[in-house]
1. Considering only segment 322-335, state which residues are more than 18 Å from Tyr282 (Cβ to Cβ) and assigned to a strand (DSSP E or B).
2. Quick check: is even one residue across segment 163-172 part of a strand (DSSP E or B) and modelled with pLDDT of 95 or more?
3. Has segment 221-235 got any residue that is in contact with a strand residue (DSSP E or B) (Cβ under 8 Å, 6 or more places away or on another chain), closer than 17 Å to Leu167 by Cα and open to solvent by less than 10 Å² (accessible area, probe 1.4 Å)?
4. Within segment 168-197, work out how many residues are surrounded by fewer than 22 Cβ atoms within 10 Å (Cβ to Cβ) and under 13 Å from Pro142 (Cα atoms).
5. Using beta carbons and a limit of 6 Å, which pairs, at least six apart or on different chains, have the first residue in segment 78-102 and more than 11 Å from Phe124 (Cβ to Cβ) and in a strand (DSSP E or B) and the second one among the acidic types (Asp, Glu) and open to solvent by 10 Å² or more (accessible area, probe 1.4 Å)?
6. Among what's in segment 268-307 and is aliphatic (A, V, I, L, M) and in a strand (DSSP E or B), pick the residue that is surrounded by the fewest Cβ atoms within 10 Å (Cβ to Cβ).
7. Scan segment 126-148 for residues that are closer than 18 Å to Gly37 by Cα and either of a type in the set (A, V, I, L, M) or open to solvent by less than 10 Å² (accessible area, probe 1.4 Å) (or both) and jot them down.
8. Yes or no: Val215 open to solvent by 20 Å² or more (accessible area, probe 1.4 Å) and assigned to a strand (DSSP E or B)?
Amino acid sequence: MKNTIIILATILISCQPSKTTYTWEEFSLEGNPSLRGISALNEKIIWVSGTNGTVVKTENGGLNWEEVFIPDSDSLDFRDVEVLTKDEIVLMSAGSGAQSNIFKSKDGGRHWKKALVNAYDSGFYDGIAFWNETEGILGGDPVHGKLFLMRTSDGGDTWQRIHPDKLPEMNEGEFGGFAASGSHLTVKGESVWIGSGAATSRVFYSQDKGEHWEVVYTPIIQGGGSQGIFSIDFYDENTGIAVGGDYTKEDEGTKNVILTLDGATNWKLADSFPLFQSSVRYLSKDQLISTGPAASYTSDNGGKSWSKIEGTGYHTLDVSKDGTIWAAGRDGRIAQLIAE
């Protein structure tokens, strides 16, 4: 088992103008892996994953971090993790062909089963999301011109592909999603939404857990292979947001936030735009937190406009059910956002 050293540094960062002061408590992993998977079950239990088979967890709110060993995984890039319960964890690696896998643990990470291996040379897993402890969905790059989607009804132990005939056609040059933060797809109620990118950037959505699908064009920046939707989230089944931009231009932001109030049928651009963003989450119907590798932001008006949190940003973030906010990014950096 590899040994991981955690270095703790507290950084006081204020976000002005704002009624709220934000404090990042930041941790660094030895080896500086790139971290893109994160799942916060509650204020105590947080899992983070990334390159070179990196998986770490804390069960005391970040006071101590423990490396989790997955056999024969040193070459894998774990880009998404879902903590279903304290004991049940689903882990996704991304990459071409057999580099894309799903792993499942039922004992808090002590033992693992490889539940799924990508069988398509052109396949590439992008992210997973769960409606509850048993039902989940996996999204990947297109296979044979159709969005690649799989579902589980047993907590990730087994997966079944959604038949391509049920899905809309992909456009030429359209990616099924960016595996930047594990959040190119999201679920709420009975619904699921998936953001695409590259040549065109659309939102695929289903109101019955993937049985029937609609797709709508969006006004977000698109057209290049590095442009489009990178993260999507919904507060309820009507109110949603998608963020992104151009990942080759981390220090720029143009037409990279879109909003919907009708479940995804119609999208409009925000009033102002942050720098490139790769992950967004609702804190309340009006309050949001968003991050990208160059900067993090908050919004208190439903995503219409944004206030920058001074300092660098992260690749991914998550908000637990009890409201704790965690982020992770390049150079092995993990951070908790404290709002006062």
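The values are calculated or read from the model by the stated rules, or taken from the named source; none is laboratory data. What you see is a predicted model; the values in this text were computed from it and never measured. Positions of Cβ are backbone-derived with ideal geometry, glycine not excepted, and every protein chain shown enters the neighbour counts. Note: areas computed on protein heavy atoms with side chains; ligands, DNA, RNA excluded. Shrake-Rupley method; radii C 1.70, N 1.55, O 1.52, S 1.80 Å.
1. Of everything in segment 322-335, those that are more than 18 Å from Tyr282 (Cβ to Cβ) and assigned to a strand (DSSP E or B) turn out to be Ala328, Arg333, Ile334, Ala335.
2. Taking every residue of segment 163-172 in turn, none turns out to be part of a strand (DSSP E or B) and modelled with pLDDT of 95 or more.
3. no
4. 6
5. From residues that are more than 11 Å from Phe124 (Cβ to Cβ) and in a strand (DSSP E or B), the pairs are Val90/Glu82.
6. Leu269
7. Within segment 126-148, Asp126, Gly127, Ile128, Ala129, Gly136, Ile137, Leu138, Gly139, Gly140 meet the criteria.
8. Spelling it out, Val215 is indeed open to solvent by 20 Å² or more (accessible area, probe 1.4 Å) and assigned to a strand (DSSP E or B).
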